[in-house]
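Take a look at the structure below.
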Amino acid sequence: MNIKTFISRPILSVMLSVVIVIIGFIGLLCLPLEQYPDIAPPTVKVSATYVGANAETVMKSVVW
């Protein structure tokens, strides 16, 4: 098949795309959970410096 086949027959192109998506979705559902990679949750590090404040005051101002 050359490119003119898909240009002159857009319904064929759409149906072929739909079939590829359906096959991919079926493959995704059949993949066991053990095959998925482990994803570490994102972490955020916040630092702040307040001269003359105690630890509780700094924590309250950063967390709030």
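Multiplying each eigenvalue of the alpha-carbon gyration tensor of the chain by 5 and taking the square root yields semi-axes of 57, 19, 9 Å, largest first, rounded to whole angstroms.
In the context of the full set of protein chains, the chain has a per residue accessible area of 100 Å² (1.4 Å probe). A straight chain from GLN35 to TYR50 at 0.36 nm per residue would run longer than the Cα-Cα distance by 0.7 nm.
Rank these by accessible area, largest first, 1.4 Å probe: THR43, THR5, THR57. Write down the numbers at each step before the final one.
Values: THR43 125, THR5 30, THR57 75 Å².
My answer, sorted largest first, is THR43, THR57, THR5.
In whole percent, and with a 1.4 Å probe on the protein chains, what portion of the accessible area of the chain is carbon and sulfur?
Details: 4480 of 6420 Å².
On the chain, the fraction of accessible area on carbon and sulfur atoms equals 70 percent.
Adding -39500 (n - 2.57) for every DSSP H run of four residues or longer, then dividing by how many residues the chain holds, sets the calculated 222 nm ellipticity at -17500 deg cm²/dmol. In order along the stretch 12-18, the Karplus-derived 3J(HN,Hα) couplings, from 6.51 cos²θ - 1.76 cosθ + 1.60 at θ = phi - 60°, round to 4, 5, 5, 5, 5, 5, 5 Hz, and Gly and Pro are given as x.
The values are calculated or read from the model by the stated rules, or taken from the named source; none is laboratory data. Remember, it's a predicted structure, so these values are computed and weren't measured experimentally. We work out accessible area using only protein heavy atoms, side chains counted, and drop any ligands, DNA or RNA first. Shrake-Rupley method; radii C 1.70, N 1.55, O 1.52, S 1.80 Å.
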